[in-house]
Amino acid sequence: MTFLYLGLGTAFGFLLSRSGAADYGFIQEMLLLHSLRLYGVLGTAVVITALGLRAIRRRGRVLTGQPLRIEQKGFNRGTVAGAVLFGVGWSIAGM
């Protein structure tokens, strides 16, 4: 199972880099609203993930045959603190 996750993570990283989502200039253009292409990439990822989760929920089982369990996560102060830390990190990095 670890190799499956490693393969999926590698494929995700490859596709992310090929889409330009890891390029400094590309991200800066998105944040300055000079280019909306990266918003399209992110929106497409959200739609594909939503459709995939819907299909998995309909089936009721994951690929290994185990029952599907999706737990709802509560919203807490740590989420806000993490988001602020993430934004500060992007600012420091010059994004």
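Work out the length of the dipole vector of the stretch 34-81 about its Cα centre, built from +1 on the beta-carbon of each Lys and Arg and -1 on the beta-carbon of each Asp and Glu, and round it to the nearest 20 debye.
Working: 9 positive and 1 negative charges, 39 e Å.
Roughly 180 debye, rounded to the nearest 20.
In whole percents, the pair-distance distribution calculated for the stretch 55-94 from its alpha-carbon pairs, binned every 10 Å from zero, is 24, 23, 19, 28, 5. Averaging the Cα positions of each part gives two centres, and for the stretch 10-47 and the stretch 59-95 these lie 19 Å apart.
What is the list of residues in the stretch 36-73 whose amide nitrogen lies under 16 Å from a point 7 angstrom out from the Cα of ALA83, following Cα to Cβ? Residues passing the 16 Å test: 73. Remark: the chain carries 85 Å² of accessible area per residue (probe radius 1.4 Å; ligands, DNA and RNA excluded). Here the chain exposes an accessible surface that is 66 percent carbon and sulfur, computed with a 1.4 Å probe and the other protein chains kept in place.
With Kirkwood's inverse mean 1/r over C-alpha pairs for Rh, give me the Rg to Rh ratio of the chain, two decimals please.
Details: Rg = 16.9 Å, Rh = 16.4 Å.
Rg/Rh: 1.04.
Counting each DSSP H run of 4 or more residues in the chain as -39500 (n - 2.57), what helix-only mean residue ellipticity at 222 nm follows after dividing by all residues, to the nearest 500 deg cm²/dmol? Mean residue ellipticity, 222 nm, calculated: -23000 deg cm²/dmol.
The values are calculated or read from the model by the stated rules, or taken from the named source; none is laboratory data. The shown structure was predicted, so the numbers you read here are calculated from the model rather than taken from an experiment. So basically every Cβ, Gly included, is an ideal-geometry build from the backbone, and we count neighbours across all protein chains shown. In case anyone asks, the SASA skips ligands and DNA or RNA and just uses the protein heavy atoms, side chains included. Shrake-Rupley method; radii C 1.70, N 1.55, O 1.52, S 1.80 Å.
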